[in-house]
Each structure stands twice: as structure tokens, then as C-alpha cells.
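Undergrad: Please find one structure pasted underneath; my questions will follow.
Laboratory data are not the source of any read-out in this text; all were calculated from the coordinates shown. This one's a predicted model, so the numbers in the text were calculated from it and none came from an experiment. Here the Cβ positions follow ideal geometry from the backbone for every residue, glycine too, while neighbour counts run over all protein chains shown.
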Amino acid sequence: MPLKNKFLSALKDRTLNQSFWLELTAILILLCSFTPIYLWFAENTVSEARLFHSLITLIIAVLLLFLSERPEIDPVLCLNKESKKSFLISFGLLVAHFICDLLKNNESINGALFYWIHNLFLIASMAFTVAGLIFYIFGTRISRITYSSTIAFILFLLLSLYIGYLDWPLRTLAAEWSTHIFDLLGQSTQVFLISPEGSTPLIIIKYLGENFNVASECNGFGIILNSLLISLLLSAYRRATFSHSIINIIAALFLGFSFNILRIITIILFAPSFMDYYNFIHELIGTAYYWGAFYFTWYLLSGPFFEPKEG
């Protein structure tokens, strides 16, 4: 039966059952309880291009998995075992979050790790609620894709909290490694700091008389997060062992960091010849390396590619 007809048939049958409306009301109440997170997530993702791009790549990766696996959508609009499991996990994590709320005034345990765990419980609870809704609508046969996507989405949301803290260390590493590569190429560069009054310091790389600011957009957070999400998604999807997953993650982080360094070097090498078109060259090279990192990470970790069914 075509998917559209399957949904219409299930909807017609289920709406006549009182339990359907009780289930739907309970799910909607649970979903609405996370409204502040939805608003924060939407605001951060729209205002921060790197998060928005990483979200797009995660969606594309999930679509590639779906098109490769072609799972059956059945049973639909049903409170099945996977949706129940996801909602129970979500409720348990939410209870753990509220317990942390009660304990956060205790100075002996309130610290950076406690803050991280506190946020993790809430973010994971919201993610598993969404997973439960997906199982409720589309059935249980998409469990591998849904659970692996949920784990990757939790990491995405969690790292979104720390984008500001990671900015300066990543920019510093990017500048240092870029100059090391230039030294290996026999090119003369200088790195120095400029501290404008009333604003954050600037990391400047000087090459052929031109100053290039290693701005927040150049810290590699987007490319590295892109590779990290793909490695975690594929590791969870393949049900990789812990050691294999760690190897995948390390390889992906190295690949993402390397692509960012190459991006900076390429921009600095080409820009002096095209200073009138600097912004265009900067975006063109940045986009090419970003999607190049996505492709190579997916290929390196044996991510499936969409192959049309025969006949």
C-alpha cells in the first residue's frame, strides 16, 4: 500500500478510537514542555551560520541512510514498543534533570561537570521525546536510523552550548598550525595579536604584506562539528564497538581539523591575487572545503550512498 494511503487509512481507523486522542494529548503536552529549548535552538541555529550548516549536513546524512536502507513504514500512528521505550527514557531523563535542579545549590557538587550533566539530561530528554514521536508516526522499522540520529542530535545540541568557549582555543590552534604548514612550504608568515579597546583580541596572520584575521568563522568549529556528527551517526548506525567508535571519532576530528587548516592556507595563498574579490574567494573556498570534509568523512567511514532500486 502506498505510504499516503497507509497514513490515511490508519488515521481514519485511529480517530474513531478514544485511546488515540488520549495518546496524542499526552504526547503534545510532553512536546510542549520543551518549548523553551525549541526557541533557544531556533534562535541559536538561525543566528549562528556554523550551527545551521552543521544541522543541514546532519539532515543530509540521515536522508542518505534512509534512502540507502529504504525501511518499511509500519505500523503507523501507533504507540508501539519503540515509542513507549523512547518516551520512558525521555521521562526518566527529565526526572534526573529536575533532581539536578534540586541539587544545584549544593556548592560541594555544583561545578562545570555538574552543569554539563544537568544540561545533558534536559537535551537528551527532549531528543528522545522527538524520537518517540517519530516512532509513533512512522513505526518501529526505522529504529536504527532514529536512534543513531537521536544520539548525533544530542551531541549537536550539547556542543551548541559550548561554541563560545571553544572559539578562542580553536582559533589559536588554527593559526599556529597554519603558520607551521607555511614554514614547511618555505613561505614567510607572521602571527600576532591585536587587542582593540573594548573588544576581543584578533589573531592576525601576515602574508605578502596582507593581514588576514583568523576570525571566529575560521576556527573550524563548523567543519570539525560536521565530521564529528557524521562519525557518531555512522558509528551508532553500524552498532560499532566502543573502541571502533573512538577510532572513528578521532579520525573524523583529525580530518575536520586538517580540512580547516587547508582552507585557511588556501585562502591566504589565493587572496593576495584577488583582493578585489576577497569575500567571494573566501566563501567559495570555504564552501568547497566544508563539503569536501563532509564527503571525505562519509567516504572514509564507509557511509552508504543512495543507490536506486532496480525495476
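Undergrad: Can you give the convex hull volume per residue for the Cα atoms of region 164-300, as a whole number of Å³?
TA: 119
Undergrad: Pick out, in residue order, every one of the GluC sites (Glu not before Pro) in region 143-224 that is DSSP loop and has at most 12 other C-beta atoms within 10 Å; say none if there are none.
TA: Glu197
Undergrad: A further question on this structure: More than 32 Å apart: what percent of Cα pairs in the chain qualify?
TA: Taking all Cα-Cα pairs of the chain, the fraction more than 32 Å apart is 41 percent.
Undergrad: Sticking with this one: Find out how many positive minus negative residues lie around Ser83, taking Lys and Arg as positive, Asp and Glu as negative, among other residues whose Cβ is under 13 Å from that of Ser83.
TA: +2
Undergrad: Along the charge dipole of the chain, which of Leu166, Ser195, Tyr278 sits closest to the positive end, that is, farthest toward it, with unit charges on the beta carbon of Lys, Arg, Asp and Glu (+1, +1, -1, -1)?
TA: Farthest along the dipole direction, towards plus: Leu166.
Undergrad: Ok, one more. For region 223-232, in order, what is each residue's ³J(HN,Hα) by Karplus, 6.51 cos²θ - 1.76 cosθ + 1.60 with θ = phi - 60°, in whole Hz (x at glycine and Pro)?
TA: 5, 5, 4, 4, 5, 5, 5, 5, 5, 5
Undergrad: State the extension gain, in nm to one decimal, for the chain segment bounded by Asn211 and Lys12, taking 0.36 nm per residue of separation less the distance between their alpha-carbons.
TA: Gain on extension, Asn211 to Lys12, equals 65.1 nm.
Undergrad: Just to be sure I follow the definition: excluding the sites themselves, where is the longest run in the chain that has none of the chymotrypsin sites (Phe, Trp or Tyr not before Pro) in a DSSP loop with at most 14 other Cβ atoms within 10 Å?
TA: Longest site-free region, per DSSP loop and neighbour criteria: 1-161.
Undergrad: Work out which trypsin sites (Lys or Arg not before Pro) in the chain are exposed loop sites (DSSP not H, G, I, E or B, at most 14 other Cβ within 10 Å) and give the longest gap free of them.
TA: In the chain, the maximal stretch lacking such sites is 105-238.
Undergrad: Name the residues of region 81-95 whose amide N is less than 18 Å from a point 7 angstrom out from the Cα of Ser19 along the C-beta direction?
TA: So the set is 81-88.
Undergrad: Mean separation of Cα pairs under 8 Å and 6+ residues apart, divided by the residue count of the chain: what relative contact order is that in percent?
TA: 18
Undergrad: Tell me which lysines have Cα within less than 30 Å of Lys206's Cα, excluding those fewer than 8 residues away on the same chain?
TA: Straight-line reach from Lys206, under 30 Å: no lysines qualify.
Undergrad: Treating only the Cβ of Lys, Arg, Asp and Glu as charged (+1, +1, -1, -1), what charge dipole size does the chain show about its Cα centre? Round to the nearest 20 debye.
TA: Around 1140 debye, computed over the chain.
Undergrad: Can you tell me, using C-alpha contacts under 8 Å and at least 6 residues apart, the relative contact order of region 3-162 as a whole percent?
TA: Reported as a whole number, the value is 31 percent.
Undergrad: Can you give the angle from 0 to 90° between the axis of helix 35-47 and the longest principal axis of the chain, with both taken from C-alpha atoms, to the nearest 10?
TA: 30
Undergrad: Please give me the summed charge of the neighbours of Tyr136: other residues whose Cβ is under 14 Å from its Cβ, Lys and Arg +1, Asp and Glu -1.
TA: +2
Undergrad: Please enumerate, by chain and number, the lysines with C-alpha under 18 Å from the C-alpha of Lys12, excluding those fewer than 8 residues away in the same chain.
TA: The reachable lysines, counting only those whose Cα sits under 18 Å from Lys12, are Lys4.
Undergrad: A further question follows. With +1 on each Lys and Arg Cβ and -1 on each Asp and Glu Cβ, and nothing else charged, work out how big the dipole of region 3-162 is about its Cα centre, in Debye to the nearest 20.
TA: That gives a dipole near 480 debye.
Undergrad: Calculate the translational D of region 6-129 in whole µm² s⁻¹ from Stokes-Einstein, where the hydrodynamic radius comes from the Kirkwood formula applied to all Cα pairs, the temperature is 25 °C and the viscosity 0.890 mPa s.
TA: The calculation lands on 140 µm²/s.
Undergrad: Now for a different question. Within 10 Å of each candidate Cβ there may be at most 13 other Cβ atoms; applying that plus a DSSP loop requirement, which GluC sites (Glu not before Pro) in region 27-75 survive?
TA: Answer by residue number: Glu72.
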